[in-house]
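Trainee: Please read through the structure below; I'll follow up with questions.
What follows is calculated from the coordinates using simple rules that are stated; it is not laboratory data. Predicted model, so just to flag it, every value in this text is computed and none were measured. Here Cβ is always computed from backbone atoms with ideal geometry, including for glycine, and neighbour counts include all displayed protein chains.
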Amino acid sequence: MSGPDTAAWFRCLRPRPAARTRLLCFPHGGGSSAAYRDWHDLLPDEVELFAVEYPGHADRLLEPLVDDLAELADRACEAALPLLDRPLALYGHSLGALVAYETALRLEARGHHPLRLTASGMPAPRLVRPGEVHLGDDTRVLAELDRLGGVPAEVLDHPDLRELVLRTARADYRLAETYRPAAHAVLRAPVTTHRGLRDPELTEAEAAGWSAATTGATVHRTFPGDHFHPAADRAPVIAEVLHGLRAAPSTPSAR
């Protein structure tokens with residue numbers, strides 16, 4: 001089913017050979033496939049989860065970081081091709097929403113049509129704000145991480161771990177802050193947006209803007225919590241993802 005590159009990019013902690021649908025999950029900036037480690041327990045047997053591991057992150061630490069989002073999506077798309085023997089959907093949180101979106105565009109360009117994209121915690125592609133956090137010193141990057149609350153204090157208090165976090169976070173901020181979508185790129189797949197009600201990174205209008213990123217239907221969902229609400233309470237998030245899969249057309253991806 002998968003080759004070496006697919007295994008490097010997509011981690012499946014609980015294989016489900018009889019699953020009818022595959023769910024590809026893309027982590028937030030600075031994150032890893034471990035963000036989805038506990039999702040398997042809340043998924044039914046008919047859904048098989050594959051979590052993305054970006055180059056330069058976690059156990060791919062020795063690989064070069066990718067500093068261009070288009071290249072990252074190109075490579076993720078190539079690695080996903082062996083997984084297209086059954087219908088698939090994509091979920092991405094924060095930076096992962098942009099990588100999932102760009103990967104979905106590339107899959108559609110090859111004739112494969114995802115059931116749905118769920119974009120969490122990120123403005124619509126044409127509304128992504130440029131920024132300069134990636135150009136700041138370590139204090140600036142750490143202040144942003146502290147503001148969003150995505151890294152445990154005990155990690156940042158450890159010098160070696162803090163250095164690793166800074167390395168990947170700076171690179172991932174660069175991906176998001178320098179991202180510019182292609183002028184006429186539009187998905188066909190339906191899109192669901194997820195937004196935490198106390199998320200400082202995503203307004204209601206920015207979530208609604210995803211309707212311009214697809215010719216398919218868009219659905220907007222809100223949750224209690226802040227930017228990292230999926231980590232604080234994953235159950236309602238997973239329930240909405242599953243609801244989106246049930247509402248999606250059942251036509252398999254074209255091969």
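Trainee: Considering only Leu23, Leu42, Leu81, give the residue with the highest GNM mean-square fluctuation for the chain, with springs between Cα atoms whenever their separation is below 10 Å.
Mentor: Highest fluctuation among the options: Leu42.
Trainee: Looking only at the chain, where both bridge partners belong to it, what percent of the DSSP beta bridges are antiparallel (to the nearest 5)?
Mentor: Numbers: 2 of 27 bridges.
Antiparallel bridges make up about 5 percent of those DSSP assigns within the chain.
Trainee: Give me, ordered by chain and number, the residues 5 or more places off Leu43 or on other chains with an amide H under 5 Å from its own placed amide H.
Mentor: none
Trainee: Another question, if that's okay. Modelled label-to-label distance, Ala182 and Thr203, 7 Å Cα→beta-carbon offset: nm?
Mentor: Placing both labels 7 Å along Cα→Cβ, they lie 2.9 nm apart.
Trainee: Compute the Cα gyration tensor for the stretch 93-240, then decide on rounded, prolate or oblate, letting a ≥ b ≥ c be the square roots of its eigenvalues: rounded whenever a/c is under 1.5, prolate when a/b is larger than b/c in the other cases, and oblate in all that remain. Present the calculation step by step, with values, prior to reporting the outcome.
Mentor: Numbers: a/c = 2.06, a/b = 1.54, b/c = 1.34.
Prolate, because a/c is 1.5 or more and a/b exceeds b/c.
Trainee: Which one, Thr218, Thr193, His158, projects farthest toward the positive side of the charge dipole computed for the stretch 84-238 from Cβ point charges (K/R +1, D/E -1)?
Mentor: Thr218
Trainee: With a cap of 15 neighbouring Cβ atoms within 10 Å, and only residues DSSP puts in a loop, list the trypsin sites (Lys or Arg not before Pro) found in the stretch 125-214.
Mentor: Working: sites: Arg126, Arg140, Arg147, Arg162, Arg167, Arg170, Arg174, Arg188, Arg195, Arg198; in loops: Arg188, Arg198.
Answer in residue order: Arg188, Arg198.
Trainee: Before anything else, pin down the relative contact order of the chain: Cα pairs under 8 Å, at least 6 apart, normalised by residue count, whole percent. Mind showing how you got there, number by number?
Mentor: Details: 484 pairs, mean separation 53.3, N = 255.
Normalised by residue count, the contact order of the chain is 21 percent.
Trainee: Compute from the Cα atoms of the stretch 15-85 the Rg and the Dmax, the latter being the longest Cα-Cα distance, and quote both in angstrom.
Mentor: Looking at the stretch 15-85, its Cα Rg and Dmax stand at 13.2, 37 Å.
Trainee: In the chain, which longest range has no GluC sites (Glu not before Pro) that are both DSSP loop (not H, G, I, E or B) and surrounded by at most 15 other Cβ atoms within 10 Å? Kindly include the intermediate steps, with their values, before the conclusion.
Mentor: On the way: sites that count: Glu46, Glu132.
Here the longest run is 133-255.
Trainee: Mind listing the long-range amide H neighbours of Arg22? Cut-off is under 5 Å, sequence gap 5 or more, other chains count too, H placed in the peptide plane at 1.01 Å from N.
Mentor: Glu48, Leu88, Ala89
Trainee: Could you give each residue of the stretch 67-80 its phi-based ³J(HN,Hα) in whole Hz, using Karplus coefficients 6.51, -1.76, 1.60 with θ = phi - 60°, and x for Gly or Pro?
Mentor: 10, 9, 5, 5, 5, 4, 5, 4, 6, 5, 4, 4, 5, 7
Trainee: While we're looking at this one, here's another question. Give me the one-decimal nm value for the distance between modelled label points at Ala58 and Arg110, 7 Å along each residue's Cα-to-Cβ direction.
Mentor: In this crude label model, Ala58 to Arg110 measures out at 2.1 nm.
Trainee: If I fit a long axis through the Cα atoms of helix 159-177 and take the longest principal axis of the Cα atoms of the chain, what angle between them do I get, 0 to 90°, rounded to 10?
Mentor: 60
Trainee: Return, ordered by residue number, the residues of the stretch 160-190 whose backbone nitrogen is under 18 Å from a label point located 7 Å along Cα→Cβ of Ser211.
Mentor: 186-190
Trainee: Shape of the stretch 64-126 from its Cα gyration tensor (a ≥ b ≥ c, root eigenvalues): rounded if a/c is under 1.5, otherwise prolate when a/b > b/c, or oblate?
Mentor: Numbers: a/c = 1.89, a/b = 1.21, b/c = 1.56.
It is oblate, given that a/c is not under 1.5 and a/b is not larger than b/c.
Trainee: Would you mind checking the tilt of helix 234-247 against the longest principal axis of the Cα atoms of the chain, expressed as 0 to 90 degrees and rounded to 10?
Mentor: 30
Trainee: How much length is gained on full extension from Asp137 to Leu13, taking 0.36 nm per residue of separation minus their Cα-Cα distance?
Mentor: Values: separation 124, 0.36 × 124 = 44.64 nm, distance 3.65 nm.
That works out to 41.0 nm of additional length.
Trainee: For the chain, which semi-axes, largest first and in whole Å, follow from the square roots of 5 times the eigenvalues of its Cα gyration tensor?
Mentor: Values: eigenvalues 139, 82, 66 Å².
Value: 26, 20, 18 Å, ordered largest first.
Trainee: What ³J(HN,Hα) values, in whole Hz, does the Karplus curve 6.51 cos²θ - 1.76 cosθ + 1.60 give for the stretch 129-142 when θ = phi - 60°, with x put for Gly and Pro?
Mentor: Once rounded to whole Hz, the list reads 7, x, x, 10, 4, 5, 8, x, 7, 4, 4, 5, 5, 4.
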